[in-house]
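Visitor: Before we start, here is the structure in question, set down as structure tokens.
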């Protein structure tokens, strides 16, 4: 009897907290018009209702939280958090394997650490979903993964264990390997492997099973890209490298996401024609090396040209190891990006790019209750992220 009673007491708070009401002076659903003096009802981890306080009655058994403003949970479109750790020592840097420049078989799910301190930092600053995995610096560094930043095992927090193949074109590759040493060699090596994958794919589809090749992890991963099951995310910053990525995608007919894209503002028409998607460098990235011609107005320029932008935190080689997309989007606003578009760049746009917009990216009935509460304007420097909900659970609380 005592065991039954104790079990009931443990379950009761969870049941109560699953029913939550959030009141805010301003709610930004992102997919629709902002709601002044709004209310969101959460039940069983999903958004049950959203609208004005005048139109929604809060049930008596709902726990109420108040805020100045509310947005969907933020989505980092490209990071290596959970692969790259806060200590900045070899033991917690798993984002780049340097034994070979082409390793598409490397799985992010095998290396991602949900207990990494940087995951907690991201969560506390409003990031509820991350697209993370193998980093820049290899022609094909490995696979990427989509995770929620809530606590749990890797399997429990994973939304998609294999989202994209992380690739790099440019000087970052030559700095890590003796070969390739030039751009032409980089492209030659990638093409050679993709031609092998094309041949592998053809042979694997042979009706005669005895003629099929042995299963190959590398070829299988590349084949998924060639079949359109996953996208190729190619880090390319200089215009010549971006054009190499575009030519490669046309030649092998794969879905292209250009990551970094420092000089994308020079290639508006080419990017549109290629139907390439953009994960843009952090607004406050440093103008150096292949980023020397980076433009802090790029988010605004690309958006005005009709190219959806997802702003990333990317990768930092020094402590504290990561940027925060909330601040990067805020600075993009100061450089001319409209408020609404900047908010989309860290919510709805990346959710669409990652193929998870049915669950996250905006505040809509039926979607995951991933919600961020602020004590002011989300993009104001002095504003704090007060509370963060992931699937209806309060996972971070700073302000009283």
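Visitor: Fewest to most neighbouring Cβ within 10 Å: what's the order for 149, 33, 52, 303?
Guide: Ordered from fewest to most neighbouring Cβ atoms within 10 Å, 149, 33, 52, 303 come out as 33, 52, 303, 149.
Visitor: For the Cα atoms of the chain, what angle does the longest principal axis make with the long axis of helix 183-204, in degrees from 0 to 90, nearest 10?
Guide: The helix 183-204 is inclined about 80 degrees to the chain.
Visitor: OK, next. Measure nothing fancy, just the Cα-based angle from helix 217-226's long axis to the longest principal axis of the chain, in degrees from 0 to 90, nearest 10.
Guide: 80 degrees
Visitor: In square nanometres, what is the average projected area of the Cα convex hull of segment 265-333?
Guide: Mean shadow area of the hull around the Cα atoms is 4.8 nm².
Visitor: Over segment 279-400, what relative contact order in percent results from Cα pairs under 8 Å that are six or more residues apart?
Guide: Worked out over segment 279-400, it gives 17 percent.
Visitor: Segment 147-179 to segment 54-99: how many Å between their Cα centroids?
Guide: Using only Cα atoms to place each centre, the spacing works out to 17 Å.
Visitor: Relative to the first principal axis of the alpha-carbon coordinates of the chain, what is the inclination of helix 239-252, with its axis defined by its Cα atoms, in degrees from 0 to 90 and to the nearest 10?
Guide: Rounded to the nearest ten degrees, it is 80.
Visitor: Using the number of other C-beta atoms within 10 angstrom as an exposure proxy, rank 225, 130, 337, 187 with the fewest first.
Guide: If I rank by nearby Cβ atoms, fewest first, I get 187, 225, 337, 130.
Visitor: With only alpha-carbon atoms in the gyration tensor, what are the semi-axes of the equivalent ellipsoid for segment 305-367, in Å, largest first?
Guide: 22, 16, 11
Visitor: Still on this structure, please answer the following. Per residue, how big is the convex hull of the chain when only Cα atoms are used? Give it in Å³.
Guide: Here the figure is 173 Å³ per residue.
Visitor: Computed FRET efficiency, Cβ-Cβ of residue 335 and residue 203, R0 56 Å: what is it to the nearest 0.05?
Guide: 0.65
Visitor: With a bin width of 10 angstrom, please list the P(r) values of segment 63-102 as percents of all Cα-Cα pairs, from the 0 bin to the one holding the largest distance.
Guide: Percent of Cα pairs in each bin: 21, 29, 21, 18, 8, 2.
Visitor: Could you please rank 99, 174, 330, placing first whichever residue has the fewest other Cβ atoms within 10 Å of its Cβ?
Guide: 99, 174, 330
Visitor: Using just the helices of the chain, give the 222 nm mean residue ellipticity in deg cm²/dmol: DSSP H runs with n ≥ 4 each add -39,500 (n - 2.57), and the total is spread over all residues, rounded to 500.
Guide: Theoretical 222 nm ellipticity from helices: -8000 deg cm²/dmol.
Visitor: Express the relative contact order of the chain as a whole percentage, based on alpha carbon pairs under 8 Å and six or more residues apart in sequence.
Guide: Relative contact order, the chain: 19 percent.
Coordinate-derived values only; no laboratory data. What you see is a predicted model; the values in this text were computed from it and never measured. All Cβ positions, glycine included, derive from the backbone under ideal geometry; neighbour counts span all protein chains shown.
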